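The values are calculated or read from the model by the stated rules, or taken from the named source; none is laboratory data. Worth saying up front: this structure is predicted, and the values here are computed from it rather than measured. Note that we place each Cβ from the backbone using ideal geometry, even for glycine, and neighbour counts take in every protein chain shown.
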Amino acid sequence: MADQYQNLLVDRQEDGVWIVTLNRPDKRNALNADTVEELVTLFSGAMGQGARAIVLAAAGDHFCAGLDLVEHHRADRSPAEFWQLCLRWHEAFNKMEYGGVPVIAALKGAVVGGGLELASAAHIRVADAGTYFALPEGQRGLFTGGGATIRVADLVGKARMIDMMLTGRVYQGQDAVDLGLAQYLVEDSFAHALALARRCAENLPLTNFAICSAISHMQNMSALDAAYAEACVAGVVNTQPEARARLQAFADKSGARIRPNS
């Protein structure tokens, strides 16, 4: 399938795993307006085009340095124009988080500003030792516009996010994992993310859809409404015909057993 993307590389593998690579390495993969539109298009159509899991990777030494500040400076946008741009960022990241396809981010180098907003929309984040996280908006006279007040604050807490923005504090290594900025710290973040994506792709698509959309929706509800919604989703997912063989394997003990990591 030919791709219409200029700033993304898309490798659709036979097992349904897609490798989507941010491809502006000379800009540290900073997000310009065109890249954001490509992310909207890609994540809007991924499930319908057969994606079962997506690795979000990056060319070069850095995952994403955030908003393309050079483009922003040269565009000299009005408040209304930047407002609309921010809404497109939200559209792209919402399609990631709520789209129903597991997105595993393979992080390296800078995960900064809007790059952290992008990473926080992924379902799983895998970092290596050189990955660092920051929200430098305070020092640049800016404010987050791509969902950090929602997702990053949810990961690390309001107080830590405010500290990151006010002081430029940088997190790296085990400290970043302990805070929730990443779930894995490994030597090769891409290889680990790809292995996780392949594992996720073995799940039933409807089950993955529920995990990668319903949980986020339920977090936005009252406890009472979330409990009702959870029961409804479980009623659909837990009775799907495709699950019968897996349940039978559990019942007759022919399936893989759950074991602690060795």
Only one residue in ASP76, ASP68, ASP128 is closer than 24 Å to ALA201 by Cα, more than 15 Å from the chain's Cα centre (by Cα) and of a type in the set (D, E, K, R). Which one?
ASP128
Checked against (1) surrounded by 14 or more Cβ atoms within 10 Å (Cβ to Cβ); (2) touching a Gly at 6+ places or on another chain (Cβ under 9 Å); (3) closer than 30 Å to GLY66 by Cα, ILE215 satisfies every condition except (2)
If you go through region 123-144 one residue at a time, do you hit one that is more than 22 Å from VAL40 (Cβ to Cβ), free of Cβ contacts under 8 Å to residues at least 60 places away in the same chain and basic (Lys, Arg)?
no
The helices (runs of 4 or more DSSP H) lying wholly within region 189-229 that contain at least 1 residues that are in contact with a strand residue (DSSP E or B) (Cβ under 7 Å, 6 or more places away or on another chain) are 189-201
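In this structure, does LEU179 turn out to be in contact with a Lys or Arg (Cβ under 8 Å, 6 or more places away or on another chain), surrounded by fewer than 20 Cβ atoms within 10 Å (Cβ to Cβ), within 18 Å of PRO136 (Cβ to Cβ) and of a type outside the set (Asp, Glu)? Outline the logic, then answer.
On the way: in contact with a Lys or Arg (Cβ under 8 Å, 6 or more places away or on another chain): yes; surrounded by fewer than 20 Cβ atoms within 10 Å (Cβ to Cβ): yes; within 18 Å of PRO136 (Cβ to Cβ): yes; of a type outside the set (Asp, Glu): yes.
Yes, satisfied.
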Do we have any residue at all in region 239-248 that's more than 26 Å from VAL152 (Cβ to Cβ), in contact with a Leu (Cβ under 9 Å, 6 or more places away or on another chain), not assigned by TED's automatic domain parsing to the domain that holds GLY50 and not in a helix (DSSP H, G or I)?
yes
Kindly evaluate THR167 against the criterion of being free of Cβ contacts under 8 Å to residues at least 60 places away in the same chain, within 23 Å of LEU69 (Cα to Cα), surrounded by fewer than 19 Cβ atoms within 10 Å (Cβ to Cβ) and within 20 Å of the chain's Cα centre (by Cα).
no
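May I ask you to verify whether ALA214 is more than 16 Å from GLY99 (Cβ to Cβ) and in contact (Cβ under 8 Å) with a residue 12 or more places away in the chain?
Values: more than 16 Å from GLY99 (Cβ to Cβ): no; in contact (Cβ under 8 Å) with a residue 12 or more places away in the chain: yes.
Against the criterion (more than 16 Å from GLY99 (Cβ to Cβ) and in contact (Cβ under 8 Å) with a residue 12 or more places away in the chain), ALA214 does not qualify.
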If ALA193 passes every condition in (1) touching a residue at least 60 places away in the same chain (Cβ under 8 Å); (2) in contact with a helix residue (DSSP H, G or I) (Cβ under 8 Å, 6 or more places away or on another chain) but one, which one does it miss?
(2)
Residue within region 8-15 that is assigned by TED's automatic domain parsing to the domain that holds VAL170 and either buried (at least 22 other Cβ atoms within 10 Å of the Cβ) or in contact with a Pro (Cβ under 6 Å, 6 or more places away or on another chain) (or both) present:
no
